[in-house]
Amino acid sequence: MSINNQGGEAQNVSANGMSQADFEKQQRQNSPKELPGPYLGKVSMVRLSLLLSLLLVFSGSAYAIGYLVSENQHPPSLVDQAIKRISSGDPRSPTEILLQRAAIEAVLKATKDRWSNYFPPTTASAFDATLEGRYSGIGIWLRRTPANQLEISSVQPKSPAALAGIKVLDQLISVDGTDVSSATVADAIAALRGSPNTTVALDLRRNSSEINVKVKRAAVLTGDVLASQVAPKTLYIQVSAISLHSSDDVATALARYPHSRGIILDLRDNPGGVLSEAVALASQFLSPGVVVSYTRKDGVPQVMSSTNSSPDTAPMVVLINGATASSAEVIAGALQDRNRAVIIGDQSYGKGTVQEISSLSDGSQLEITVGQYHLPSGRAIDQVGITPDLKVSENGEIAQALSILAGLVALDSGKSNNLKK
């Protein structure tokens, strides 16, 4: 309690009547001989050091325990463990990068999806160039057959391969004496690449015969679309692959050549390519509505439609054959389903799965299947293909197309005359 002395300041007195000064003196006598604040004696320093040591030991243990818990919760995958041990073992073993590539290719092989591919950084740029319609090589597209053979799926018109007589469906056996029959598509593309004007020797199998050819490499740009007038006001457009500029090239041809008497769109030997370009190309002839759809693994439907309010309305015939595949089949199937064109030729290839390309951290690329095409009517393409409205032999397709267009023009003319009456 506190009392106030007359003529002096307040003095604190303990509850037992002892003065504050005496009480503090007694406390000092009974307490350890340590001083607070900056006056640390030898004993306090030792105790502080011990305390800090204990804290450091505890912190290190806690970190180690946390690391072990983290490792147990998220241990390295079996593949990572195996690669690490193999690459750190025998000095003659492949590098870790090569082992990782082998693991990726093995995973893709285990999916049994022949359309999935892995492109290392060295060949990813070549694959991009192909999609962009640029070739530094001989001008062919490759794919795997159901029997796992390396097959030529497209030959670019007027390319070195075309001039050397290489044909679609030829099987590639070796490049410059190196067997590539069991190589990945990426490795085969890499083997075919080279500087312009250099020569590459190829061994091919056509039916049961083996063919040996030498091809001079060249750099060719945007040669996937060729257009010409085959009859008065009749336009012939050959699209040999669906690359990133194909839709624009077709639009240029439509603007350049008069075609009121009809269009022949030649998709024979077209292996497909970029889906968005295929949709854009088909949309030039289709009013607003579905072109193609597919459902991803997560169940979310992807619908790709035409938004063209003023499509080209000239009579149209589309040519297809057994090598017309993938997004080229999407174009033919959409035009057929929506009654926009007459499809003639032979049953198409039947490659109706969608591949998506994604990049990995080192610049390599994965091409993996993410869905299956469905045409506007809902029918699927995969392992079925497009059945032509009229089956025509390959040599007679152009003549038959011109005959059909003449009939369509006459029919439209008759309708117009009836309306005028």
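The values are calculated or read from the model by the stated rules, or taken from the named source; none is laboratory data. Keep in mind the model is a prediction, meaning the values are calculated, not measured. Positions of Cβ are generated from backbone atoms using ideal geometry, with glycine treated the same way; all protein chains shown enter the neighbour counts. In case anyone asks, the SASA skips ligands and DNA or RNA and just uses the protein heavy atoms, side chains included. Shrake-Rupley method; radii C 1.70, N 1.55, O 1.52, S 1.80 Å.
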Taking r as the C-beta separation of D312 and N395 and R0 as 35 Å, the FRET efficiency to the nearest 0.05 is 0.80
Of the listed links K109/K214; K167/K351; K297/K391; K233/K351, those spanning more than 26 angstrom between alpha carbons are K109/K214; K297/K391; K233/K351
Karplus (6.51, -1.76, 1.60) ³J(HN,Hα), θ = phi - 60°, over segment 370-382, in Hz, Gly and Pro reported as x | 10, x, 10, 5, 9, 7, x, 6, x, 6, 9, 9, 4
Length gained if D362 through Y257 is fully extended, taking 0.36 nm per residue and subtracting the Cα-Cα distance, is 33.2 nm
Leaving out ligands and nucleic acids, note down the accessible area per residue over segment 267-421 with a 1.4 angstrom probe, in whole Å².
-> 45 Å²
